[in-house]
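Worksheet: one structure, shown below.
Read-outs: derived from the displayed coordinates by stated rules, not from any lab. Quantities reported herein were computed from a predicted structural model and do not represent experimental measurements. Cβ placement follows ideal geometry from the backbone for every residue including glycine, while neighbour counts extend to all protein chains displayed.
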Amino acid sequence: MVCRSCLDERAAPVVVDTSVVINLNATGCAEAILRALPNRCVVVEDVLLELQIGRQTGRGDADALAVLIEQHLVERARLGGGGMSHFASLVSGSAAETLDDGEAATIACAIDRGAVALVDERKAIRICAERFPNLSVGCTVDVLAQHHVQAALGPGLADAVFNALDRGRMRVPDQHGQWVVDLIGKERAALCHSLPKRLRAG
Amino acid sequence: MTLQSIDPVDVGARLRAAREAAGLTQTDAATDLRVARTTLVAMEQGRRRVRIDEIQHLARLYGTSVNAVLRCEAAHVDLVPRFRKLSTANDEAAERAARLLTDLVRAEVELENLLGVTRTHNHPPARPLLPGDVRLQAENDAIALRQWLGLGLAPVHDVISLLELELGVRVYVRPLDSRVSGLFAYEDGVGACILLNAKHPRERQAQTGVHELGHLTSRRQTPDVCRFDQHDDSREERYANAFGRAFLTPARTVTVRFQDLTAGASRFTRRHVILLAHAFGVSREAIVRRLEELGLVKRGTWDWFEAHGGITNEQARQVLGEPVAVEPDSREAQRPVSLRLGLLAAEAQRRELLSEGQLARLLRLDRVELRRILDAADIDGNDTNGLPKLPR
């Protein structure tokens, strides 16, 4: 099955949420992926702060991201005035209609910069569709399935995707599920508890 | 919703609660925000509208998020001030643990409110301390509670599930400073809450859990910090210690088991200790001390073993077989959230009431650990259409 990445036709920068950073690190080849990805990759302060909390439990995502920033593969961003206004609207209100700071800041930054917001969260995607219909939203699989990334990783792509599922428990949207299973194989898919049950059962 | 549409008095009150939960003074916060203390006071009283960047700055300083401060349903429970009144005041490890307990209780209450779930408290009847021998009262109260729960005199192998599912106590197991074994607090509307140290062996967690159950039984309005290195000879502590021993190792059952195991033996051996400790799910030291207390072995028996090489895990493996049998539910003790809390979190995410980021912050978990818990709680995945419906 062919997977169409939302990034194949877009040169706009991507703003990555915490979950996407964790998934990319879990692939074991985040550097190669980001070198191949033609889109500039941006991360907001709130995501960096959230990842730093993970240091207390021994997670290395903050350090891995720091290396990627040092290599200029990821750019740090702070929200400007317009971004802060969107951020405020996304964090204040009822629980069902708000997001945590990292998710909200990622979306606000993407709106502000005309970028693609990369989030792996159903609720965040739903809120974007309802409130910011013009915003382009993608997920980690869109990065992994981007054709330059596929070409750069070659046969290593399947291992990268399996690692993201196995180590990072990556979430996969319905439209990409079959592509993921075809890529990693049914046996390995059966081991990935973050995949929907129907995909694991083969 | 915009920030302007929220009542500034409400925003101020939430900021004040967050600051107090973080243990910071108004001067600390004002200095960090680079405003006068009077300005911060005006913000907290709602007399000066707070800008979003100021809330963001303060939320970071307080170790929380803007969303956690401004979310309408955020539950405002604060158990920390109760602990500050204890003799363990100025004890940083205890204060950190009290803050963690507050955060976890707050998370569970918010999840219950969001999902419309009412927690059933089935706490044991209160039995205030009476004049006289507290140890004797504790023995009697522990046996009475066992009868009330229908446990009879049988060993209890899963104290955490018993506390949570039978007694409706909120139980959390998280890594704490090694000197802190556990905390207990009770608040009307929230019920009894216990935090246990995940770094401690399961047997010790069980002993701490029933020690705190003793506090729930005798003096629930007073919180407790159970510390490894603190000798407290108050009547309350002597009661809680004796209650815990009597609950886990009832005198009659221990006596019968001891006589069965040692029948025909002329010496009390390491093998006896290992088998008895295993039978009651307590540490080897705890069972020997209990035997000493009941007069079944001489005082100083445990000290003798300690002075003669102790009793090793390897010896336990030899006696109990390799591998040592693991009870199916014993991994519960290592879970950072209870099964119930995990199910509430999974349901809140399934209904899109809370995002992954909100849940991770609420439950004080990193994203991957949260995903593991959500996956475990959601073994049917999203394919729930064919599953039987519950009558409502």
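Here are some notes:
- In region A:110-123, the residues that are within 7 Å of chain B (Cβ to nearest Cβ) and surrounded by fewer than 20 Cβ atoms within 10 Å (Cβ to Cβ): A:Arg122
- Residue within region B:28-35 that is part of a helix (DSSP H, G or I) and within 14 Å of chain A (Cβ to nearest Cβ) present: no
- Among the residues of this structure, A:Ile107 counts as one that is closer than 30 Å to B:Asn113 by Cα, more than 10 Å from chain B (Cβ to nearest Cβ), touching a residue at least 24 places away in the same chain (Cβ under 8 Å) and not in a loop (DSSP other than H, G, I, E, B).
- Selection count, region B:106-138, where residues are closer than 27 Å to B:Gly244 by Cβ, touching a helix residue (DSSP H, G or I) at 6+ places or on another chain (Cβ under 8 Å), of a type outside the set (Gly, Ala, Ser) and assigned to a loop (DSSP other than H, G, I, E, B): 9
- Qualifying positions in region B:36-76 - in a loop (DSSP other than H, G, I, E, B), among the polar types (S, T, N, Q) and more than 8 Å from every other protein chain (Cβ to nearest Cβ): B:Thr64
Yes/no per residue for (1) touching a residue at least 40 places away in the same chain (Cβ under 8 Å); (2) surrounded by fewer than 20 Cβ atoms within 10 Å (Cβ to Cβ); (3) at the interface with another protein chain (Cβ under 10 Å from one of its Cβ atoms):
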{"residue": "A:Cys6", "(1), (2), (3)": "yes, yes, no"}
{"residue": "A:Asp17", "(1), (2), (3)": "yes, no, yes"}
{"residue": "A:Glu31", "(1), (2), (3)": "yes, yes, no"}
{"residue": "A:Cys41", "(1), (2), (3)": "no, no, no"}
{"residue": "A:Ile53", "(1), (2), (3)": "no, yes, yes"}
{"residue": "A:Arg59", "(1), (2), (3)": "no, yes, yes"}
{"residue": "A:Leu79", "(1), (2), (3)": "no, no, yes"}
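- Residue-level analysis places B:Ala93 outside the set of residues that are buried (at least 16 other Cβ atoms within 10 Å of the Cβ), part of a helix (DSSP H, G or I), of a type in the set (Gly, Ala, Ser) and more than 14 Å from chain A (Cβ to nearest Cβ).
- Filter result (surrounded by 18 or more Cβ atoms within 10 Å (Cβ to Cβ) and either without any contact (Cβ under 8 Å) to a residue 12 or more places away in the chain or of a type outside the set (A, V, I, L, M) (or both)) within region B:348-368: B:Gln349, B:Ser355, B:Glu356, B:Gly357, B:Gln358, B:Ala360, B:Arg361, B:Arg364, B:Asp366, B:Arg367, B:Val368
- For region A:124-133, filtered to residues that are hydrophobic (A, V, I, L, M, F, W, C) and away from chain B (no Cβ under 11 Å), the residue that is surrounded by the fewest Cβ atoms within 10 Å (Cβ to Cβ) is A:Ala129.
- Every test in (1) buried (at least 24 other Cβ atoms within 10 Å of the Cβ); (2) over 30 Å from B:Leu111 (Cβ atoms); (3) of a type in the set (Ser, Thr, Tyr) is passed by A:Ser136 save one, and that test is (1).
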